[in-house]
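Input: a single structure, listed below in structure tokens.
The values are calculated or read from the model by the stated rules, or taken from the named source; none is laboratory data. Every value quoted in this text rests on a predicted model; they were computed, and no experiment measured them. We place every Cβ from the backbone using ideal geometry, glycine too, and count neighbours over all the protein chains shown. Ligands, DNA and RNA are stripped out before the accessible areas are found, and what is left, the full protein with its side chains, is counted by its heavy atoms. Shrake-Rupley method; radii C 1.70, N 1.55, O 1.52, S 1.80 Å.
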Amino acid sequence: MNFRKSLYKKRDGQAKGTSVFMGTRFTGFPKKDWYGETNTIGGGSPLNYRSSFMLNKGLTNLLRAGKEDFEIEEGSLHINNRSIEEINDFLNGEGNGDLTLINTGPFNSEIEDKAGGDRESHLNYFELMMDQGMKVVNTPKIAKACGDKRITYSLFEEQKENSLPWYNLDHYLSGPGIAGLKNDFKRFKDKYNFEDGENGDVPVVAKPANGSGGDEILFTTMDSFISGAERKGSIRKLFASEGYNPNGRVLQMSVPAVYDQRIIATDGVIETAETRIGEGDLHNLQGGGRAIPVKRDELQEGAVNMVQDYSKALLQGLGVHENAGSFIGWDALGFDLESEKLDGFPDYKRFLRENVAHEDYAVEHEGQTVYLVPGEANDSPGSKIDGVNSAHPEQNSALALMKFADDLSRGQVHDPYEAEQLAPVYRHIVNDHFRDM
């Protein structure tokens, strides 16, 4: 938590602090009192540019509490022997809004450890936090769904009609195997009136459910994948023959992507964006792709529509708490319906045109119309923000996240443009902080 009165400009004639803190590992922090009064430099290894900017430059502060200080007493959560209600009374009395957590992986691990490693008890801790008035950015529900492609894709399919079908290969490795995959593919083809034989084949991509950077991605077709698994004797053996770890994988129908659209949004509000363009089927930076920052005002309407609609669908599908907020990096594929790569797949091209290419998500790219479809949602979009922060510092995602959390704490409607006004304030604090070291 940060109580520095210089953090924000005056509002309604009164200088405000903030009740926001970023959770990290609770090690090595002295406890002056039940709250921290000064900013802290350091505080654990940075998870990405966002947290290094916020933690290592002293722009956030840590709740002075370890996991041993989180206790449930008669159904009430206490931190440092104080209830959330008591803490919020103090914070609101100072004009700082409700206690608000920017959740992180290390903090999750600490609370999970506190809960004895039991996921249900772990989730109950966070639900109890929010039930009693604490606000949380990226609850474990959101983090889990945005860190595992299997969960993300299943939510997309349940909530949105224009999503690419996917198959959980873990399921086939441990259960029905090749026969189950063949049956599911047949049901899909029957539902959308695909022909048998070559014309009814579809391009697919097999990838790790928790992967990043384009590692261990296999592009093929469904018929080729199934026949290859049959020749090797199992899906597991097929992956092994390619040198890939078979565990934790998904199989998804693929599209001829012209580029990737990367967007960071808070509850569907656009904060920063960039376009990634590479060679071939992959557009990730590790594979030689280049990132082109896009100003928020220049993002096309189709991209904004897609993020807003899918953010709403994702959060509704998860059933997140009313005191929860989301900070998500969206990876969308901009695909070309007229691509020659679809020439050998007439039924699949028709399927994409009728079921996936949504006019509300159409954008223009180099004189042609492409359609956006989400590839995944990421709750720690570190790689998406470096280029944007460098090219457009007024849209710095660290500032946007802090401003969003602060607005959440106060129950205010979030306006990303206000975050830009904070940039000089933050820089002033950083300069003063390092000058005083």
Expressed as a percent, the accessible surface of the range 300-359 that is carbon or sulfur, using a 1.4 Å probe and the full set of protein chains, is 42
Descending packing, highest mean Cβ count within 10 Å first, for 145-154, 355-364, 245-254 is 145-154, 245-254, 355-364
Of 322-330, 115-123, ordering from highest average Cβ density within 10 Å down gives 322-330, 115-123
Note to self: with every protein chain in place and a 1.4 Å probe, the range 173-252 gives an accessible area per residue in Å² of 50
Amide H neighbours of Asn138 at under 5 Å, excluding residues fewer than 5 places away on the same chain, with H built from the backbone geometry, are Gly325, Ser326, Phe327
With all protein chains in place and a 1.4 Å probe, Thr220 shows an accessible area in Å² (nearest 10) of 40
Interchain or sequence-distant (5+) residues whose placed amide H lies within less than 5 Å of the amide H of Glu271 are Ile264, Ala265, Thr266
Sorted on mean Cβ neighbours within 10 Å (highest first), peptides 307-315, 190-198 come out as 307-315, 190-198
Which of Lys207/Lys341; Lys141/Lys312; Lys189/Lys237 exceed 18 Å between C-alpha atoms? The answer is Lys207/Lys341; Lys189/Lys237
